[in-house]
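Worksheet for the structure shown next.
None of the figures in this text is laboratory data; all of them are computed from the coordinates on show. Not measured: the values here are computed from a predicted model. Don't worry about glycine lacking a Cβ; one is built from the backbone with ideal geometry, like all the others, and counts go over all protein chains shown.
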Amino acid sequence: MQPARTERLDGPPGSLGLYGRAGLGAIPGASLLPFVGGRGSTLPDVELRLEGVEVDRERLAEYNEVCGFTLRETLPATYPHILAFPLQMKLMASGEFPFPLLGLVHLDNSIIRHRAIGAGERLDLAVRAEDLRPHPKGKAFTLVAEASVGDELVWEERGTILRRGGSNPEAERNPRPDPVPDGAQLTTQWKLGDDLGRRYAGVSGDRNPIHMHALSAKAFGFPRAIAHGMWSQARCLAQLESRTPDAVRTDASFGKPLFLPAKVGLALDEREGGEIGFALRDARGRAKDGEPSPPTEHLLGVIRPPAPNATR
Amino acid sequence: MNSQTRPAVVLASNRIPFARSNGPYAKASNQDMLTAALDGLIAAAGIAGERLGEIAGGAVLKHSRDFNLTRESLLGTRISPETPAYDVGQACGTGLETFILTANKVALGQIDSAIACGVDTTSDAPVALNEDLRKILMEANSTKSNADRAKLLAKLRPGMIVPEIPQNAEPRTGLSMGEHTAIMARDWGITREAQDELAIASHDRLAAAYEEGFEDDLVTPYLGLERDQNLRPGSTLEKLGKLKPVFGGPEGTMTAANSTPLSDGASAVLLSSEQWAKEHGLTPLARFVDAETAAVDHVGGRDGLLMAPAYAVPRMLARNELSLQDFDFYEIHEAFAAQVLSTLAAWEDPVFCHERLGLDAPLGSIDRAKLNVKGGSLAAAHPFAATGGRIVGNLAKILHENGGGRGLISICAAGGQGVVGILEA
């Protein structure tokens, strides 16, 4: 559904200032201030647009290194997210937005890349929030980002964002990708350092304090820093890059928080029609008291060729 | 073993534009660039998903983590992961050597298809730990007692923070390749003017090749670069004459214009049997005829460092009952203009040909209009192991467009080595 209003930006908003402002939303009562998110009960009916965005190849190279992608002339399927992220931040940190930015939980993320996107192509970006709905654990909405080259839509992303609070046991959750069997071999293992959140923050601009340091994460009730969900999705796709078609749909559902440092592994499930299911799981001891327990799963995902000519 | 051989044919080649050191590819690793060159070749030939006989590749400057560089690169491409790969190292002869190795296997019927490739970066060079520090760390690793470890710690010196940087110098002589070539230029009386003329022709011919679209299906843009960054056509003897010599002292004849700069790049060549080509709907551009490698005693000073091709070519010619003039095209790698001109001078010299090559008559001169007709390394630059693939791909296409003919490839390499070969169409 197209929003009523379109706001064209002259340049990418800086995310650092926005997080500073967003932080105020976490302070009780601050949301009454006009510039702090948290007022209102509906999503802003606006689409933010930024046109003619050029990829900074230095930043792309750094992103690829942190996520494990080969430095190619084309963009990783997750890269337009990095370009659209400042717009999403601006949207959610605006006074019109009904929730404070900090404390929102990214539940799942789905990307369609309609074709290979050259790193030299100029992208027109559009971002909006839609479909505010009850969720069993609160309220959820969909964060949409799109990238076009001229009139051609080349990339789109839909993420489900949860605002905890209240209980709606009747509400439906988003469908999750098909599971990867519990016993699937972890064909790849990664040791993740406790600086991973800071490294990914450096290349993505996502400096949410829960990712930055154990101490800042503790302030939000987490025992240690948490790896970014978007890093996890990117790292899995980087591992599968040789098998990812140019036109691809990839879904990721984020599971248990990935506390850093960590040792994780990737389990794959090859299916009909070029579909590959993947699960990012804890790779430390999996058996307790000799009893095999289900693996701790941080991400469940899938890549597959998109349905012809289909957007969602 | 099979006693019959069959033709090995070149089907396609692809490279990324070559960039100057610390330029647009400064953030790209050898693996990134090699993957990009392979991607381009796979797309051009339409062989995504194919299991090939093998991929041979290499890099002259390599990080220790890149012990399996070619195999790791292919795993990032859409070629079947069931394709085996190995790394080859023969200094600047690496690229051509990968082609010879794979072509021979195709000819013997051991494999039906292969990619020969090479890559080098001087921007992301394998800087290593200071050698003294490395030795202390190795010793500490095998030391059991804390007291002994403390003694080792006491040996640490601030100077050990200075890392070990790869040198562009011959390990056994300490002279850089340019300094070695300056000696050759002096010995063979190669003039500054002759070197500058060769450099100007190289740039003008490569620029013309781009203009006429010859490079369109040979080069795939990478990281925003569409043509070789070093390319500067339209220079003159007067302009180049103003440059100061960089090798051979103040009286030297070698400058930044008639020597190749440090650079980054990658190239790849697809080859196969005729049958495989037919089954995959690909047109053979040229076939591999023969190859030869030679080496000289540059340490003893009997020959100049880069003179080995002068020996390799006559041996190969004799085996194939050809004269030096029986070629339509000559692709002589322009590491330095002086290397090309010293080699040509040696083949014209009765004394060298008699005393060193054991020939009754000199090989003679070549028609310079047939030399590096689409430009050479002086214009494109020379990312060491990537040069062989550039030249093989170039020559195969030149021969194909010519509707037939015979071409000679000659590449000099560090350590006093030379790798040469013949293609026909």
Among B:GLY265, B:GLY248, B:GLY118, whose mean-square fluctuation peaks in a Gaussian network model of chain B (Cα, cutoff 10 Å)? B:GLY248
Report, as an integer, the average count of C-beta atoms from other chains found within 10 Å of each Cβ along B:222-233. 2
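Net charge around A:PRO261, counting only other residues with Cβ within less than 10 Å of its Cβ (Lys, Arg = +1; Asp, Glu = -1)?
Values: positive: A:LYS191, A:ARG224, A:LYS263; negative: A:ASP194, A:ASP195.
Net charge in that neighbourhood comes out at +1.
What area, in nm² and to one decimal, does the C-alpha convex hull of segment A:159-312 cast on average over all directions? Show your work: numbers first, answer last.
Working: hull surface 46.4 nm².
Averaging across all directions leaves 11.6 nm² for the Cα convex hull.
Return a whole-number percent for the relative contact order of segment B:43-186, with Cα pairs under 8 Å and 6 or more residues apart as the contact set. Write out the running numbers ahead of the final one.
Numbers: 185 pairs, mean separation 33.6, N = 144.
Relative contact order, segment B:43-186: 23 percent.
When the Cα atoms of the protein assembly as shown are enclosed in a convex hull and the volume is divided per residue, what value in Å³ results? Let's see the in-between values first.
On the way: hull volume 167.3 nm³, N = 737.
In the protein assembly as shown, the Cα hull volume divided by residue count equals 227 Å³.
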Karplus-derived 3J(HN,Hα), 6.51/-1.76/1.60, for each residue of segment A:248-261, Hz, glycine and proline x: 8, 10, 10, 10, 9, 10, 7, x, 5, x, 9, 6, 9, x
I want to check the label-to-label distance for B:VAL299 and B:ARG227. Put each point 7 Å from Cα in the C-beta direction and report it in nm to one decimal. 4.4 nm
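As a test, work out the antiparallel percent of DSSP beta bridges whose residues both lie in chain B, rounded to the nearest 5. Don't jump to the answer; show the numbers that get you there.
Details: 40 of 53 bridges.
Bridges in chain B that DSSP calls antiparallel: roughly 75 percent.
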Once the dipole of chain B is set up from charges on Cβ (+1 Lys and Arg, -1 Asp and Glu), the residue from the list B:ILE136, B:TYR311, B:HIS354 lying farthest towards its positive end is B:ILE136
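Relative contact order of segment B:263-329, please, whole-number percent, based on alpha carbon pairs below 8 angstrom and at least 6 residues apart.
20 percent
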Just to confirm a number: summing +1 for Lys and Arg and -1 for Asp and Glu over residues other than A:ILE276 whose beta-carbon lies under 13 angstrom from that of A:ILE276, what do you get? -3
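Per the helix-only calculation at 222 nm, which mean residue ellipticity applies to chain A, given -39500 (n - 2.57) for every DSSP H run of n ≥ 4 and division by its residues, nearest 500 deg cm²/dmol?
Values: 7 runs with 65 residues, N = 312.
Helices in chain A give a 222 nm mean residue ellipticity of -6000 deg cm²/dmol.
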Relative contact order (%) - chain B, alpha-carbon pairs under 8 angstrom, separation at least six: 26 percent
What order, most packed first, do the peptides B:58-69, B:349-360 have when packing is the mean number of other Cβ atoms within 10 Å of each residue? B:58-69, B:349-360
Given a cut-off of 26 Å, name the pairs among B:LYS105/B:LYS397; A:LYS137/A:LYS191; A:LYS263/B:LYS27; B:LYS27/B:LYS239 whose C-alpha atoms lie farther apart than that in the structure shown. A:LYS137/A:LYS191; A:LYS263/B:LYS27; B:LYS27/B:LYS239
Please work out the Cα center distance from segment A:218-260 to segment B:235-277, rounded to the nearest Å. 45 Å
Amide H proximity to B:ALA286 below 5 Å, modelled H, separation 5+ or other chain, gives B:VAL10
So, in Å, what gap is there between the alpha-carbon centers of segment B:114-160 and segment B:281-330? 40 Å
Largest to smallest principal axis extent of the C-alpha atoms in chain B, angstrom: 75, 56, 46
Span from the segment B:13-73 Cα centroid across to the segment A:62-122 one, whole angstrom: 28 Å
Positive end of the charge dipole of segment B:290-338 (Lys, Arg +1 and Asp, Glu -1 on Cβ, about the Cα centre): tell me which of B:ALA295, B:LEU324, B:PHE336 has its Cα farthest that way. B:ALA295
Under the classification rounded if a/c is under 1.5, otherwise prolate if a/b is larger than b/c and oblate if not, where does segment B:251-360 fall, given a ≥ b ≥ c as square roots of the Cα gyration tensor eigenvalues? oblate
Explain nothing, just compute: Karplus ³J(HN,Hα) = 6.51 cos²θ - 1.76 cosθ + 1.60, θ = phi - 60°, for every residue of segment A:210-222 in order, whole Hz, x for Gly and Pro. 5, 9, 7, 7, 4, 5, 5, 5, 4, 4, 9, x, 9
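Where does each of B:22-28, B:398-404, A:170-176, B:270-276 land if you order them by average Cβ count within 10 Å, highest first?
Working: B:22-28: 20.3, B:398-404: 14.7, A:170-176: 12.1, B:270-276: 22.7.
Ranking, from highest mean packing down: B:270-276, B:22-28, B:398-404, A:170-176.
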